[in-house]
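The values are calculated or read from the model by the stated rules, or taken from the named source; none is laboratory data. The structure displayed is predicted, hence computed values, not measured ones. A quick note on method: Cβ atoms are made from the backbone with ideal geometry, for glycine too, and the neighbour counts reach across all protein chains shown. Note: areas computed on protein heavy atoms with side chains; ligands, DNA, RNA excluded. Shrake-Rupley method; radii C 1.70, N 1.55, O 1.52, S 1.80 Å.
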Amino acid sequence: MWLHKTLYTLWNSKIVRKTAVSFLLGCFPIFLGGCREPSPPDFGRWYRFDAVADEKNQPQSGSELLKKYPIKGCFNANIDFDRVRRSWVLSWTNKRFNWKESLPGFLDTLTDCYRENFRPCTDLQWIQSVKNNANMEAVDTESVNGVLVSNAALRKLPTDYPCYIRKQGFDFIPLDRLQNSFVNAGTPVYISHYSKDRAWVMIEDVASKAVGFVKTSDVAVVDSSAMKRVSTLPVAVFFKDNQPLYTSLGHFLAYSRLGQVAFVKKETDKNIWILWPKRTPSGRAQWETIRVSKTVASTRPLSFSMDTIPSALDQLLGKPYGWGGTLGNRDCSSMMQDYFRIFGYALPRNSKAQMEEGGVIIDLSGKSQAEKERLIIEKGIPYRTILWAPGHVTLYVGSDKGRVLVAHAKLSSDFIKHGYEGSHIIGKAIVSSLYLDAGIPGLQLSFIDRLAAMTLVK
């Protein structure tokens with residue numbers, strides 16, 4: 001009885017009660033491994049997968065976004081796709097490979113990475129065989145025009161096997177260092193040379209500033225007469241993703257991709273007849289005419305409006321992030337490239353090049369967070385302005401109570417916890433503020449702090 005009274009008296013003391021609660025909260029982790037400094041996570045890296053606050057607080061579809069933050073009127077209705085066509089066929093005017101200085105870096109890609117079995121890539125014999133097969137000394141020995149006959153991954157070296165990035169200690173991240181980009185079927189390319197086994201070919205997409213190896217079966221040679229005949233034709237751009245395309249006999253060809261370009265043979269009120277390339281047994285390009293509905297493609301750029309923008313963003317937001325176009329998914333810069341192309345703007349593939357070549361540049365470096373947001377809201381045009389930080393690019397979509405909002409494909413934000421690196425995985429295209437990662441404990445530098453420039457796309 002006396003013990004009960006003593007405990008009751010102690011509990012009624014505010015000081016004792018506060019100390020006890022603090023002690024219990026501090027030692028709660030004992031149920032998860034003990035009241036001590038946490039042990040290093042598996043593989044020496046922390047991971048978080050919970051949604052960032054902006055995913056819950058902001059609309060995550062184009063329809064809801066435009067409903068909450070509408071634009072006034074419609075603009076950009078008087079341009080045509082000729083600038084897209086001129087940019088698209090640049091590869092066919094190319095006479096030499098433009099990226100020779102990058103090739104030594106390609107050969108070093110297999111250093112310090114993990115294979116598909118998640119084990120370190122230490123097979124020196126295999127590494128050397130891949131490098132030798134790349135045949136880099138043969139650059140420009142073919143020097144012919146080509147066209148992609150299927151959607152294809154651009155690889156830094158002639159192999160499908162991955163080389164996953166290694167970050168710290170025994171840690172790896174499943175981002176394939178060999179994945180350089182992704183090219184749509186029908187894209188004109190410059191053919192530099194073949195691998196030694198001729199199973200792969202090094203190509204350059206001049207318009208996108210993208211280079212790499214594709215399988216020989218994915219590309220066909222275009223002779224000069226066909227190039228002259230086809231390159232002056234008008235083009236159409238697909239504004240619908242994942243629509244099945246069929247031959248005239250009803251055989252499946254491929255799924256369309258938003259932003260994909262095709263040469264046009266003719267059009268009617270409801271349909272467009274486009275030229276689809278095939279590879280003949282001799283490796284030459286042969287063009288087949290297929291019919292496409294105007295509900296999925298257009299021969300004229302879409303106008304920025306309350307109808308077209310939601311439709312485009314609905315097909316992009318929420319989709320998985322794809323490092324370098326892995327599995328055909330989009331990363332930050334390919335999302336921008338495909339989005340702007342349906343409105344008649346031809347952007348390169350790389351995020352920095354998009355900022356530099358996209359239009360009117362406004363420098364944001366060295367400015368405070370408040371100054372950056374003020375300038376963006378004051379000078380930016382929603383849905384046609386890109387915001388750039390080193391390694392990342394976003395689309396300005398408006399503001400909410402003075403906070404700038406952007407749409408972007410985001411992989412992760414890095415942080416440090418208990419001395420170990422960590423990643424907060426987002427892994428998809430989202431709408432967020434510029435402070436999307438500011439609340440992550442241990443974050444080294446928020447996105448708004450890294451933000452360096454804005455470009456009004458022209």
Taking region 94-116 as the region of interest, how many residues are open to solvent by 90 Å² or more (accessible area, probe 1.4 Å) and farther than 18 Å from residue 137 by Cβ? 1
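Here's the yes/no breakdown for (1) among the β-branched types (Val, Ile, Thr); (2) in contact (Cβ under 8 Å) with a residue 60 or more places away in the chain; (3) open to solvent by less than 60 Å² (accessible area, probe 1.4 Å):
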residue: 325; (1), (2), (3): no, yes, yes
residue: 332; (1), (2), (3): no, yes, yes
residue: 345; (1), (2), (3): no, yes, yes
residue: 363; (1), (2), (3): no, yes, no
residue: 382; (1), (2), (3): no, yes, yes
residue: 386; (1), (2), (3): yes, yes, yes
Give me a count of the residues in region 109-144 that are modelled with pLDDT of 90 or more and assigned to a loop (DSSP other than H, G, I, E, B). 7
Out of all the residues in region 212-258, which are farther than 26 Å from residue 337 by Cβ, among the aliphatic types (A, V, I, L, M) and part of a loop (DSSP other than H, G, I, E, B)? 249
Some residue of region 235-249 being out of contact with any Pro (no Cβ under 8 Å at 6 or more places or on another chain) and within 30 Å of residue 198 (Cβ to Cβ): yes
Given (1) open to solvent by less than 20 Å² (accessible area, probe 1.4 Å); (2) of a type outside the set (Phe, Trp, Tyr); (3) assigned to a strand (DSSP E or B); (4) touching a Pro at 6+ places or on another chain (Cβ under 7 Å), residue 354 misses just (3)
Mind checking whether some residue in region 299-310 is modelled with pLDDT of 95 or more and open to solvent by 50 Å² or more (accessible area, probe 1.4 Å)? no
From 283, 259, grab the single residue that is modelled with pLDDT of 95 or more, on the phi > 0 side of the Ramachandran plot and crowded, with 16+ Cβ neighbours inside 10 Å. 259
Going by the structure shown, is residue 359 in contact (Cβ under 8 Å) with a residue 60 or more places away in the chain, surrounded by 15 or more Cβ atoms within 10 Å (Cβ to Cβ), closer than 30 Å to residue 252 by Cα and within 22 Å of the chain's Cα centre (by Cα)? no
Conditions (1) under 26 Å from residue 146 (Cβ atoms); (2) assigned to a helix (DSSP H, G or I); (3) of a type outside the set (Lys, Arg) -> residue 339 fails only (1)
Among (1) open to solvent by less than 50 Å² (accessible area, probe 1.4 Å); (2) part of a helix (DSSP H, G or I); (3) among the small types (Gly, Ala, Ser), the one test that residue 423 misses: (2)
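For the subset of region 145-165 comprising residues that are assigned to a strand (DSSP E or B) and touching a Ser or Thr at 6+ places or on another chain (Cβ under 6 Å), which member is surrounded by the fewest Cβ atoms within 10 Å (Cβ to Cβ)?
By that ranking, first place goes to 148.
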Could you identify the single residue in 223, 241 that is within 24 Å of residue 320 (Cα to Cα), in contact (Cβ under 8 Å) with a residue 60 or more places away in the chain and open to solvent by 10 Å² or more (accessible area, probe 1.4 Å)? 241
